[in-house]
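Comments concern the structure below.
The values are calculated or read from the model by the stated rules, or taken from the named source; none is laboratory data. Since we're looking at a predicted model, the values are computed, not measured. Every residue, glycine as well, gets a Cβ built from its backbone with ideal geometry; the counts of neighbours run over all protein chains shown. What goes into the accessible areas is simple: the full protein's heavy atoms, side chains included, and nothing from ligands, DNA or RNA. Shrake-Rupley method; radii C 1.70, N 1.55, O 1.52, S 1.80 Å.
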Amino acid sequence: MRILVTGGAGFIGSHLCDRLIAEGHEVIAMDNFITGSPNNIAHLRDHPRFTFIQQDITQGCDVDGPLDAVMNLASPASPVGYLDNPIETMLVGSHGTYHALELARRKGARFLQASTSEVYGDPLEHPQKETYWGHVNPIGVRSVYDEAKRFAEAMTMAYHRYYGLQTRIVRIFNTYGPRMDIRDGRVVPNFIYQAVNNLPITVYGDGSATRAFCYVTDLVDGMLRLLWSEETLPVNIGNPHEMTILQFAHAVKAAAGPECTSEIVFHQPPPARIADDPQRRCPDITRARTILGWEPRVSLEEGLAHTIAYFRTLVKE
Ligand code: UDP
């Protein structure tokens, strides 16, 4: 197959490219490096079945030749990434998704939209099922991301209903692994950076907010199962093992080994986080289990070990 991955130099996009290349596909990755990095795809650059195009898909999205699938992952995705780039985030979810959908339509390709658990906002239903419509503040600081992704889902469904395009929507929950951006401010890179440098581990508030963390290779596996399935309604892909952020801080400290002397400290969250930070988040993955036969396989201990090993190599460089 010949597959376009927009956002291919991002954290998740680059792992997706790796998996597609390993499966024998031809991969075209597109990225403007707004939050992605050339380092994430450096190892693929000379591969005969890999091509990279530096392009901002808000300006247009085109490739020569046939395409079997377009996987639209282009977007800042961390709170720091989208709060630093609010207009670009809204444009890539709207104009960018439109351009990617048009390309898929012209080429007769399958289309997969990377959506997010953020479409559920600060959820009033727990755990979150795909049938939940969400609780998003349309003018909150996070709305640039949440509403862009909600628009992208609506646009994807419109192409499916109006043109009969083969579309898929994956709602991605918190994902972690090597190649997360150490500066993106998310809890996983923050805590790991702090633990491997014996710095205080900064839990915001009282640490009672919850998340559930999925290792990136599990996520990629779920995304590809969805792509090749016939399911056109959204499917949650995430790890249903919910924990508090305080429990997660202890897990990271333990995974960093006995040499880690970091203390766990409680901090006031940065101002942009106070209003909109979802308090609880955990996927209901019944649909992924029944429709795709998917569930996560990598334990938190194993995933953290791989991720910490990666961050240690960065710290040495
Ligand atoms: N968080 C924290 N310390 C940090 C970074 C984040 O306690 O140094 C908390 C944050 O307030 C939120 C959770 O960890 O409750 C997850 O935040 P993250 O930025 O990873 O992503 P989100 O799930 O909010 O998109």
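In the calculated pair distance distribution of the chain, what percentage of Cα-Cα distances lie above 32 Å? Cα-Cα pairs of the chain separated by over 32 Å account for 23 percent. Backbone geometry of the range 95-111 corresponds, through the Karplus equation with coefficients 6.51, -1.76 and 1.60 at θ = phi - 60°, to 3J(HN,Hα) couplings of 4, x, 5, 4, 4, 5, 5, 4, 4, 4, 5, 4, 8, x, 9, 5, 10 Hz, x marking Gly and Pro.
For the chain, the relative contact order is 17 percent, taking Cα pairs closer than 8 Å that sit 6 or more residues apart in sequence and dividing their mean separation by the residue count.
Using the 1.4 Å probe convention, the accessible area of the chain works out to 43 Å² per residue with neighbouring protein chains retained. Show log10 I(q)/I(0) for the range 99-186 at q = 0.14, 0.24 Å⁻¹, two decimals, from a solvent-free Debye sum over equal Cα scatterers. Once normalised to I(0) and log-transformed, intensities are -0.60, -1.16. Packing-based ranking of 167-180, 21-34, 286-299 yields 167-180, 21-34, 286-299, ordered from highest to lowest mean Cβ neighbour count within 10 Å. A simple count of charges around ASN137, restricted to other residues whose Cβ falls under 10 Å of its Cβ and scoring Lys, Arg +1 and Asp, Glu -1, yields -3.
Counting only protein heavy atoms and a probe of 1.4 Å, the accessible surface of the chain is 54% carbon and sulfur.
Bridges between two residues of the range 170-269, per DSSP, are antiparallel at a rate of about 25%. The listed peptides 244-257, 81-94, ordered by packing as a protection proxy, come out as 81-94, 244-257 (highest mean of other Cβ atoms within 10 Å first). Toward the positive end of the charge dipole of the chain, about the Cα centre and with charges on Cβ (Lys, Arg +1; Asp, Glu -1), which of VAL170, GLN128, TRP228 goes farthest? Of the candidates, TRP228 comes out farthest on the positive side.
Dimensions of the range 60-128 based on its C-alpha atoms, expressed as ranges along the principal axes with the largest first, amount to 44, 28, 14 Å. Computed from point charges on the beta carbon alone (+1 for Lys and Arg, -1 for Asp and Glu), the dipole magnitude for the range 14-73 about its Cα centre is near 160 Debye. The amide H of ILE264, built 1.01 Å from its N in the peptide plane, has ILE201 as neighbours under 5 Å, considering only residues 5 or more places off or on other chains. Assuming charge only on the beta carbon of Lys and Arg (+1) and of Asp and Glu (-1), the dipole of the chain about its Cα centre is about 360 debye to the nearest 20. You can think of it this way: the chain between TRP228 and GLU259 has 6.7 nm of extra reach, that is 0.36 nm per residue less the Cα-Cα gap. Amide H to amide H, with H built 1.01 Å from N, LEU112 comes under 5 Å of VAL70, MET71, ASN72, ARG168, counting only residues 5 or more places away or on other chains. The helix-based estimate of mean residue ellipticity at 222 nm for the chain, built from -39,500 (n - 2.57) per DSSP H run of four or more residues and divided by its residue count, is -10500 deg cm²/dmol to the nearest 500. Placing unit charges on each Cβ (+1 for Lys and Arg, -1 for Asp and Glu) gives the chain a dipole about its Cα centre, and among GLY65, LEU16, PRO200 the Cα reaching farthest toward its positive end belongs to GLY65. Might you report the magnitude of the Cβ-based charge dipole of the range 209-311 about its Cα centre, with Lys and Arg at +1 and Asp and Glu at -1, to the nearest 20 debye? Rounded to the nearest 20 debye, it is 160 debye. Projected onto its three principal axes, the C-alpha set of the range 28-97 covers 37, 25, 16 Å, listed from the longest axis down. Taking the DSSP beta bridges in the chain as the whole, what percent of them are antiparallel, to the nearest 5? Roughly 10 percent of the DSSP beta bridges within the chain come out antiparallel. Just checking the listed ones, GLU259, GLU102, GLU230: in the Gaussian network model of the chain with Cα springs under 10 Å, the one fluctuating most is GLU259.
Proximity of backbone amide H atoms, modeled 1.01 Å from N, is registered between CYS214 and THR175, TYR176, ASN239 at under 5 Å, excluding neighbours fewer than 5 places apart on the same chain. Residue by residue, the range 4-20 carries 3J(HN,Hα) couplings of 9, 10, 7, x, x, 9, x, 4, 6, x, 5, 5, 5, 4, 4, 5, 5 Hz when phi is fed to the Karplus relation 6.51 cos²θ - 1.76 cosθ + 1.60 (θ = phi - 60°); x denotes Gly or Pro.
Between the range 203-256 and the range 29-85, the alpha-carbon centres lie 23 Å apart.
The residues packed around ILE28, meaning those with a beta-carbon under 14 Å from its beta-carbon, carry a net charge of -1 if Lys and Arg are +1 and Asp and Glu are -1. Kirkwood hydrodynamic radius computed over the range 166-317 comes to 16.4 Å, based on all pairs of distinct alpha carbons.
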